[in-house]
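The structure appears right after this line, and notes come after that.
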Amino acid sequence: MNEVENHLSRMYIPTLRVIMTSACNGECFFCHREGNSQCRKSIQQMSLDTIENEIVPAINKIGIKKVIFTGGEPTLHKEIATSIQMVKQQCNDVQVGITTNGFDVGKLENAKDYIDRITISASSLKEEVFMRYTKINPLVLIDNLKLFGKTKKSVSIVLTTENVNELDEMINLYLSNNFDIKLQFIISDEEKQNINWRRKILYELMQKFGKFQIKLGATPTLCRKVGNSKIRIKLATLNVWMYDNLFPRNICMNCEKKRECVERGCAIRIFPDGKVTPCLNHFKSFSSENIMENLEVSYRALEIRNNIY
C-alpha cells in the first residue's frame, strides 16, 4: 500500500475529476463548473500528452479507483473518446465515468465499452426551461443513451423554484429508464435558515419510497434503493445540523464557503493547465510544474479528522 493510499485508508480515495475543457454550450446558473468561475473568459483544453504522461502514471501510483471526465462540457473536447479509452486501458482496476449535459454523446460511441457510468444533468422537462439551461431535450437524450446499453446511467437534478413542481414526473421518468437519481438543492444566502421546503420534499419522497438511509462517503448522502436504481440526496444541501459531524475531512472545517458547498471534498480536480485542487471552492489548490506532486499533495490535503462524533 503506498503512502497516499495508507493516508486515506479510513475512507476510500476520492474520485479524480479530469476537466477536459472549460468550454460549455450550456447556461446553467446553478452549475459550479468544477469551481472554475473563469471558464468562459479563457477556453482551456486538456492535452492527450498530459493524460498519458502525467495523469495515467499518477492514477496508478496513488491507487485511484474512480476517474470522471468532466468540464465545462467534455463532449466539446475533440479527443474525449480517445482519452477515456486511454485511462481505462492503461490504469489498474479503475472505474471510468463521464459527466455531461448530453450535447454530443455520439462522440462517445467509440468509447462506449470503456465507460462504466454516464451522469447527465437535468434541469426540466419543459422546453422553455431546459432551453435556457442545458439546451438539450431530456427525452431525446434518454433515447440517445440507449446506445450505451451496458453502461450505468445517472441523472443529477438540482432542485430550484423553476423545476420543483416537476420532481415527481422527472423521478418517474428516470426510474422507468433505469437511471440512478442524484438530487441536490440550491443553497442561497436567504435560504440558509429556511429549509422547510427542502424538508417537505424529503418527507414526500419518504412517504412515496420509504425511509432513506445515510450513506457515508466522499459526499455523504441520503440513499434509497428503488428497484434496480437508487435515489440519493446530497446531505449537505439539506443544511441539517448533523452534517458536519458526519463529514470528517479537515480541509472543510476551516473553509469560509463551507455552508454554500454542496460536495465538500468529493473529488480531486485537475485542470487543463495542470492546477489541482481537492476543494470545489478552491480553498486550497496546487500548481507546481510537477503534476504528480500536485495530485499527491491534493490527496494528502484530504486528511481525515481523528474524532468523528
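Annotations
- The residues of region 36-105 present an accessible area of 43 Å² per residue when probed at 1.4 Å with all protein chains retained.
- Remark: the K225-E127 segment gains 32.3 nm on full extension, using 0.36 nm per residue and subtracting the alpha carbon distance.
- Figure legend: label point modelled 7 angstrom from the Cα of N172 along Cα→Cβ; residues of region 121-141 with amide N under 17 Å from it are 124-126, 139.
- For region 62-134, Kirkwood radius (reciprocal of mean inverse C-alpha pair distance, Å): 13.1 Å
- Label-point separation in nm, F209 to S47, each point 7 Å along Cα→Cβ: 4.4 nm
- Farthest toward positive dipole pole in region 12-131 [+1 Lys/Arg, -1 Asp/Glu at C-beta], among C28, T50, T15: T15
The values are calculated or read from the model by the stated rules, or taken from the named source; none is laboratory data. Please read these numbers as outputs of a predicted model, since none were measured by experiment. Glycine gets a Cβ as well: all are built from the backbone with ideal geometry, and neighbour counts include every protein chain shown. Just the protein is used for accessible areas: all its heavy atoms, side chains included, with ligands, DNA and RNA removed. Shrake-Rupley method; radii C 1.70, N 1.55, O 1.52, S 1.80 Å.
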